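Note sheet for the following structure.
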Amino acid sequence: MDVLNARLEALERAVLSADGGTNNTENMSEQIAYIERRLGQVLADHTPLAQGLEKYTKLKGVIDGDGDLDLSRQLLGVGAKVELVLLNDSAVHTLADLRAIRDLQSNISQPEYAAAAKLLPKARQLEQQHTEQAGELRRAVAGISSVVDRYHAETEALSELFVRWDQILTGIEREVSELEAASPVFPSSRR
């Protein structure tokens, strides 16, 4: 889900950075709807632009040079070419914006996006389960750390007791050896 959101945000940044953004909408579909409404208003206010856009749409393949040059000359009359050339600069920008929107439409209308919206409740449920499991893991790690710390403390205390016990036994053995060496009762132990 994060990947999908990241891709959508990157797409929104790319569109919004082209002209500084058109308004403060939350997502790409709202942005496109706003641009389409704004374009409709501009085209309604400027009939020549609307007519030019209609002609451009019809003749796009020929104008953009996708076809053979001779075929382009035959299909598009001089009057139509002159009319298209005479479109003002704002119409060119508007047409460029329209092309950009239409090019992006295929990316926005992907079936994966519709499926992602349907899977959002399940993703939220999985996210909540993950959060709960992370909490359980933290508690388990804390419990295990506590047990390991107690084990180390008890092992160290026992080690100290064994070292002290060994020192006491060594001292007792030394004293017994000294007493045996000094005592006439154990003559066989002398060397």
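Which ³J(HN,Hα) values, rounded to whole Hz and listed in residue order, are derived for segment 150-167 from phi using the Karplus coefficients 6.51, -1.76 and 1.60 in 6.51 cos²θ - 1.76 cosθ + 1.60 with θ = phi - 60°, glycine and proline given as x?
5, 4, 5, 5, 5, 5, 5, 5, 5, 4, 5, 5, 5, 5, 5, 5, 5, 5
As a test question: what accessible area, to the nearest 10 Å², does Asp166 have when a 1.4 Å probe is rolled over all protein chains in place?
Per-residue accessible area (Asp166): approximately 90 Å².
State in Å² the accessible area per residue of segment 94-191; use a 1.4 Å probe, count heavy atoms of protein chains only, and round to the nearest integer.
Value for segment 94-191: 86 Å² per residue.
For segment 131-191, divide the Cα radius of gyration by the Kirkwood radius and give the resulting Rg/Rh value with two decimals. Please list the in-between numbers first.
Values: Rg = 25.1 Å, Rh = 15.9 Å.
My calculation puts Rg/Rh at 1.58.
Mind ordering 138-150, 42-54 by average Cβ neighbours within 10 Å, highest first?
Put in order of decreasing packing, that is 42-54, 138-150.
The values are calculated or read from the model by the stated rules, or taken from the named source; none is laboratory data. Everything numeric in this text was worked out from a predicted model, so none of it was measured. Here the Cβ is made from the backbone with ideal geometry for all residues, glycine too, and neighbour counts use every protein chain on show. Areas reflect the complete protein model, heavy atoms only, side chains present, ligands, DNA and RNA absent. Shrake-Rupley method; radii C 1.70, N 1.55, O 1.52, S 1.80 Å.
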